[in-house]
Each structure stands twice: as C-alpha cells, then as structure tokens.
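Q: Shown below is the structure under consideration.
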Amino acid sequence: MTTTELRCGRRTVALHRLRDGRPDVAPVLRLHGLGGRAGEPGPNGLEAWPGAVWGLDFSGHGASCRPVGGGYCPEVLMAEADAALAHLGPAFVTGWGVGAYVGLLVGGARPDLVAGLV
C-alpha cells in the first residue's frame, strides 16, 4: 500500500493506493464510514474492478491528522475528498455511512471529477 499525504487547508490527510490497476481505467476512490479508515473492509464489489483502488482517511481517522477540537462536519470532509479527486483526476467514488454522504456532496459539486457514485 502506497500512501500520499495531501494538504487540505491546515489539515493533512492520507490517501492510500490500496490496489494497482490498469492505467486506462478510471480509479475508484473509497470513502469510509465514521470511525473507520481507508484499509478496512467495506462493501464488496470492487474485486473485479480493473482500475486502481484508492482509499482516503478522513481527518481524525487512520493515518490522517487529528484536528484539535474535532471539526468533522460534512463540508470539511467534502473538501478532503475534493483534494483526493484533484490528485487522482476523474474517478468513480464509493462510500458507506458518512463516506456515502460525502460522496454525494462531492459528486454534486464536482461532476467533472466524479465519473460515478456508489
């Protein structure tokens, strides 16, 4: 697993390459649920995906920064997902729990970068 640190305002979040894939296929960005992290098991269905699979640790989760006082509102998490998409380019997004909600928000805000949402 390869990890890239992304700056998002004053926060640093961890974007993990969970699996390599064909470079001609758009990657998948996985967004975890509240209290989770990128590498944890999530909904099945990506086993046959031919592209790369990436996972984002939202701030306060996994290998990302721990902001003083929390501040885990959907808009902040959406900005972190937007930073991941800016790094990856157009991608499919999958999420569960708060990750699904954040995926919906970023999909509506960045239709040029979100090829599909599950």
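Q: Scan region 37-52 and tell me whether some residue there is of a type in the set (D, E, K, R) and touching a strand residue (DSSP E or B) at 6+ places or on another chain (Cβ under 9 Å).
A: Yes, region 37-52 contains a residue that is of a type in the set (D, E, K, R) and touching a strand residue (DSSP E or B) at 6+ places or on another chain (Cβ under 9 Å).
Q: Confirm whether G42 is touching a residue at least 40 places away in the same chain (Cβ under 8 Å), closer than 23 Å to A109 by Cβ, in contact with a Gly (Cβ under 7 Å, 6 or more places away or on another chain) and small (G, A, S).
A: Working: touching a residue at least 40 places away in the same chain (Cβ under 8 Å): yes; closer than 23 Å to A109 by Cβ: yes; in contact with a Gly (Cβ under 7 Å, 6 or more places away or on another chain): no; small (G, A, S): yes.
Judged against the criteria, G42 is not a match.
Q: Among the residues of region 31-55, write down those that are closer than 16 Å to V102 by Cβ, at pLDDT 95 or above and in contact with a Lys or Arg (Cβ under 7 Å, 6 or more places away or on another chain).
A: W54, G55
Q: For region 12-51: of the residues being over 16 Å from the mean Cα position of the chain (by Cα) and among the charged types (D, E, K, R), which is surrounded by the most Cβ atoms within 10 Å (Cβ to Cβ)?
A: Here the answer is R22.
The values are calculated or read from the model by the stated rules, or taken from the named source; none is laboratory data. Just so you know, these numbers come straight off a predicted model, no measurement behind them. With ideal geometry, Cβ positions are generated from the backbone for all residues, glycine too; neighbour counts draw on all protein chains shown.
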